[in-house]
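A short write-up of the structure that comes next.
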2 protein chains.
Amino acid sequence: MELDPVVTNPGLYRVVFENERVRVLRYHDVPGDRTAPHTHPDSVMITLGSFRRRLSSAGRERDVEMVTDTVAWLPQQEHAGHNIGDTPTDVLFVELKEAPAHPPSTGAVGPVGN
Amino acid sequence: MELDPVVTNPGLYRVVFENERVRVLRYHDVPGDRTAPHTHPDSVMITLGSFRRRLSSAGRERDVEMVTDTVAWLPQQEHAGHNIGDTPTDVLFVELKEAPAHPPSTGAVGPVGN
């Protein structure tokens, strides 16, 4: 992985499970925190709380608001995040280690369908 | 999938997300509930509460006790479950749709390393 978030932001991301097929990260921050640019492979996101974030990727910005207990898809991407809300962000990422059979043709910023 | 739990126990399992790479199920039951035999592909389990269950597979039984907020690996298997505790069971299953590169050689009953 090019910019592993566990390396770029070890205080915010930690590995809670890993085997040959998946790696599961737990992310926790507080309002105002920012991440350095990092990459995610295709991942399932599970929100453990509600939050509001500004994501930036290749000069584009997108504000994302998610409620607790949401299951969403994060297609592979590089981005940086900024907690612009007034609550912590708590998220699990189930990362798929295998390469996708059909990589997305366009770059996404943040989760899909949210 | 041979015995899809959403088909065998539609009152207990429901699909909360699906795309071409994963399907995410939410399981909820109450003490005393039992599932019919069903199959899981390789899956990440995330417990949303603490519970105690008796799993049975091919004549073998195994009691499993898990605490809330646990991330575990459920290798592909067929089993039936029985809530033998005094709390509901609430679990998310992130099912991997792609076949494993190295299928396990022995049959597991329940999560690994738990």
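The values are calculated or read from the model by the stated rules, or taken from the named source; none is laboratory data. Remember, it's a predicted structure, so these values are computed and weren't measured experimentally. Virtual Cβ from ideal backbone geometry, glycine too; neighbours counted across all protein chains shown.
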- Item | Test: B:THR68 is out of contact with any Asp or Glu (no Cβ under 6 Å at 6 or more places or on another chain) and closer than 22 Å to A:VAL71 by Cα | yes
- Taking region A:65-103 and the residues there that are free of Cβ contacts under 8 Å to residues at least 40 places away in the same chain and within 12 Å of the chain's Cα centre (by Cα), the one that is nearest to A:HIS38 (Cα to Cα) would be A:GLN77
- Query: When region B:79-98 is examined, which residues are found to be in a loop (DSSP other than H, G, I, E, B) and over 12 Å from A:ARG21 (Cα atoms)?
  - Reply: B:ILE84, B:GLY85, B:ASP86, B:THR87, B:PRO88
- What is the one condition in (1) within 14 Å of chain A (Cβ to nearest Cβ); (2) at pLDDT 95 or above that B:ALA99 does not satisfy? (2)
- Note on the structure: Here the residues within region A:1-57 that are over 16 Å from A:VAL94 (Cα atoms), crowded, with 19+ Cβ neighbours inside 10 Å and touching a residue at least 60 places away in the same chain (Cβ under 8 Å) are A:ASP29
- Message: Being surrounded by fewer than 15 Cβ atoms within 10 Å (Cβ to Cβ), outside any strand (DSSP E or B) and of a type in the set (A, V, I, L, M, F, W, C) narrows it down to one residue among B:ALA108, B:ALA101; which is it?
- Response: B:ALA101
